[in-house]
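The values are calculated or read from the model by the stated rules, or taken from the named source; none is laboratory data. Please read these numbers as outputs of a predicted model, since none were measured by experiment. So basically every Cβ, Gly included, is an ideal-geometry build from the backbone, and we count neighbours across all protein chains shown. Side chains are part of the model used for accessible areas, which takes the heavy atoms of the whole protein and leaves out ligands, DNA and RNA. Shrake-Rupley method; radii C 1.70, N 1.55, O 1.52, S 1.80 Å.
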Amino acid sequence: MIIAKRVLPRRTFLRGAGAAFALPLLDAMVPALTRAADTAANPAKLRRLGFVYMPMGCDVTRWTPPGETLDELSPSLSPLAPVKQNVAIVTNLELKNAYPGTHATSNASFLSAAKAKRTESTDYHLGTTVDQIAARQIGTDTQLPSLELSMDLLSVVGQCDNGYACVYQNNLSWSSPTTPLPAEAHPRIVFENLFGEEGSAAERRGALKKRASLLDTVTEELTRLQKSLGPADQRRVNQYLETVRDVERRIQQAEAATKENALPDLDRPRGVPASYADHARLMFDLQVLALQGDITRVITFQLARETSNRSYPEIGVAEPHHPLTHHGNDPEKIAKVAKINQFHVSLFAEFLQKLKATPEGDGSLLDHVLYLYGSGMGNPNVYNHVNLPIIVAGGAAGNMRGGRHLQFGEPKPLANLHLTLLDKVGVKLDSFADSDGKMDELFQPLSL
C-alpha cells in the first residue's frame, strides 16, 4: 500500500502584498498514518497562556459561588454558565506585596507579585511578570513572543496614585524589573501586527491606503492552496479567513464612524467602536485569531485601567466606575459595582465560548489554552488585596479540569497560582516573588 500525502508545515502562511496570514491547525499538517499527538502539530505541545485583568476589585458577596462545585453560580459569575465545566473559581488568594493598598500596586503586582518601588519619577522598579517568564520559554517559536492589549489610552505620565508613577497603572506586563511593555488598545494596529508583513509604521499606513482589505492580497495564493486541501481543511481555512474578514470589516466600520463623528474621547484611541462592549469583543476576537493561527502563545489584556472613570450606559450604569468603588457601604453603589463586574465577566465568557466553538486537533481551542482572569484588588472600598476575584479557564491540553470552586481557609499567595499555571504549560520554576509553594494538587486533571 502506498500512502501519498503532502504534509504542510505547521507554520504555513498565505502571503500577499503587505500581508502574511498564519493558518490554523489543519489535517494536512499531520503526516499520513501518524497521530497528531506524535507530531509538531499537536496542540498540546503549543502550551498557551493568557491573562485578563479586571480593575478595582469586586463585591465579594455577589462574586463568590455558594458551593464547592459550580452547579450554582453567583450573580457576578452567572454569565459563565455555558462554560462552567471549563472554569475554576479560586477563593482567598492574596497579594501581600501590593500593600500599602493602592490602585497602582494592584495593577503592578497582579502579574509580578512583586513590590513596586514608590517613586514619581523614572527610577521605577517592579519585577518580571509571569507572562514574560512564560514567553521566554514558550514564545520563542512564534511570530510574536507575547501580545499586550488594553482598552484604554495609557499615555498618562508622572504621578498617578499616592506617590506611585503612572507606569505602574499603565502596564500589566514587564520584561524586566525596569522594562514595562506598553499595551495596544487600537484594534487596527493589533490586526496589522498579527497579519501585516514587516515594515515601518509609515510603510504600513501607505499600504493600507492602497487596498480595501488585507485578505484581498492573498486571493490567488488561497485559490492554489485550496486545491491541495481536503474538504474538511477547505472548510476550516474558509471559516478562519471569514472570521479574519469579519474582524477587519468591524474595524473599518469603527474607523468610518469616527470620521463622521470626530468628537474626541479622552479615554479611548480614535477609530475604535463607540461601544465599550463592541471594542472589547474586537480585542477578544483578535486573541482568538492570534491563538488559532499560533501567531503568539502568551497574551495579556487589561479590560480597563485602575482608577478608570469610564461609565457603562449600555448596562444602565451612568456613574463613573472608580467613584462607585469607594461606595462607603452604600447598597446602591455596591450593586452598581457588581453590575460592572458581571458585565466584564460576560465579555470574558463570550470569549471562552468562541474558543470552545473553535475546533482544534481532537478538541477545541479552549481545551488547549489556559487563561487567568482576575483583579489585584479585593474590596476596593478599603483598598485591600486579599480574597481576590480569580477565574482560571481552559483545559491546558488535559492538565486542568473545571467545574470547581477552590476555597482556602487561610489566604494563599496569588504567586502560588502563577507557579501552578506556569507548570501546567510546561514552564518549570522553583519560586516566584512571594510564593510559598505550588497548588498543583488542587488543579490535577480529572482521573479517567
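Would you be able to say whether some residue in the range 330-351 is under 30 Å from residue 83 (Cβ atoms), over 16 Å from the mean Cα position of the chain (by Cα), of a type in the set (D, E, K, R) and at pLDDT below 95?
Scanning the range 330-351 turns up no residue that is under 30 Å from residue 83 (Cβ atoms), over 16 Å from the mean Cα position of the chain (by Cα), of a type in the set (D, E, K, R) and at pLDDT below 95.
Restricted to the range 237-263, and to residues that are of a type in the set (Lys, Arg) and out of contact with any helix residue (DSSP H, G or I) (no Cβ under 8 Å at 6 or more places or on another chain), which residue is modelled with the highest pLDDT?
Just the residues of the range 237-263 that are of a type in the set (Lys, Arg), to begin with: 245, 249-250, 259.
Subset that is out of contact with any helix residue (DSSP H, G or I) (no Cβ under 8 Å at 6 or more places or on another chain): 249, 259.
Values: 249: 90, 259: 60.
Out of the qualifying residues, it is 249.
Considering only the range 336-347, I want to know if a residue exists there that is within 30 Å of residue 237 (Cβ to Cβ), open to solvent by less than 60 Å² (accessible area, probe 1.4 Å) and among the hydroxyl-bearing types (Ser, Thr, Tyr).
Among the residues of the range 336-347, not one is within 30 Å of residue 237 (Cβ to Cβ), open to solvent by less than 60 Å² (accessible area, probe 1.4 Å) and among the hydroxyl-bearing types (Ser, Thr, Tyr), which makes the answer no.
Only one of these is at pLDDT below 95, at negative phi and in a helix (DSSP H, G or I): 429, 448, 442. Name it. Before you say what the answer is, go through the steps one by one.
Values: 429 fails: in a helix (DSSP H, G or I); 448 fails: in a helix (DSSP H, G or I).
442 is the lone residue from the list that is at pLDDT below 95, at negative phi and in a helix (DSSP H, G or I).
Does the range 167-196 hold any residues that are part of a loop (DSSP other than H, G, I, E, B) and among the aliphatic types (A, V, I, L, M), and which are they? Show your work before the answer.
Of the range 167-196, the ones part of a loop (DSSP other than H, G, I, E, B) are 171-172, 177-178, 182-183, 185-186.
The answer is 172, 183, 185.
Quick one: would you say residue 50 is surrounded by fewer than 18 Cβ atoms within 10 Å (Cβ to Cβ) and touching a strand residue (DSSP E or B) at 6+ places or on another chain (Cβ under 7 Å)?
Working: surrounded by fewer than 18 Cβ atoms within 10 Å (Cβ to Cβ): no; touching a strand residue (DSSP E or B) at 6+ places or on another chain (Cβ under 7 Å): yes.
Spelling it out, it is not the case that residue 50 is surrounded by fewer than 18 Cβ atoms within 10 Å (Cβ to Cβ) and touching a strand residue (DSSP E or B) at 6+ places or on another chain (Cβ under 7 Å).
Residue by residue, here is whether (1) farther than 13 Å from residue 187 by Cβ; (2) over 18 Å from the mean Cα position of the chain (by Cα); (3) open to solvent by 10 Å² or more (accessible area, probe 1.4 Å); (4) modelled with pLDDT under 95 holds:
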{"residue": "270", "(1), (2), (3), (4)": "no, yes, yes, yes"}
{"residue": "287", "(1), (2), (3), (4)": "no, no, no, no"}
{"residue": "293", "(1), (2), (3), (4)": "yes, no, no, yes"}
{"residue": "306", "(1), (2), (3), (4)": "yes, no, no, yes"}
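Given the criterion modelled with pLDDT under 90 and over 30 Å from residue 238 (Cα atoms), identify the matching residue among 218, 157, 167.
Values: 218 fails: over 30 Å from residue 238 (Cα atoms); 167 fails: modelled with pLDDT under 90.
That would be 157, the only listed residue that is modelled with pLDDT under 90 and over 30 Å from residue 238 (Cα atoms).
What tally of residues in the range 350-365 results from selecting those that are closer than 18 Å to residue 300 by Cα and either surrounded by 24 or more Cβ atoms within 10 Å (Cβ to Cβ) or touching a strand residue (DSSP E or B) at 6+ places or on another chain (Cβ under 9 Å) (or both)?
Counting residues in the range 350-365 that are closer than 18 Å to residue 300 by Cα and either surrounded by 24 or more Cβ atoms within 10 Å (Cβ to Cβ) or touching a strand residue (DSSP E or B) at 6+ places or on another chain (Cβ under 9 Å) (or both) gives 4.
Considering each residue of the range 212-251, count those that are open to solvent by less than 80 Å² (accessible area, probe 1.4 Å), under 19 Å from residue 355 (Cβ atoms) and polar (S, T, N, Q), and give that number.
The number of residues fulfilling the criteria is 1.
Take the residues in the range 377-393 that are open to solvent by less than 10 Å² (accessible area, probe 1.4 Å) and over 13 Å from residue 418 (Cα atoms), then tell me which one is nearest to the chain's Cα centre (by Cα). Full working, then the answer.
In the first step, residues of the range 377-393 are kept if they are open to solvent by less than 10 Å² (accessible area, probe 1.4 Å); the result is 377-378, 380, 385, 388-393.
From what's left, over 13 Å from residue 418 (Cα atoms): 377-378, 380, 385, 388-389, 393.
Details: 377: 18, 378: 20, 380: 23, 385: 22, 388: 18, 389: 16, 393: 11 Å.
Here the answer is 393.
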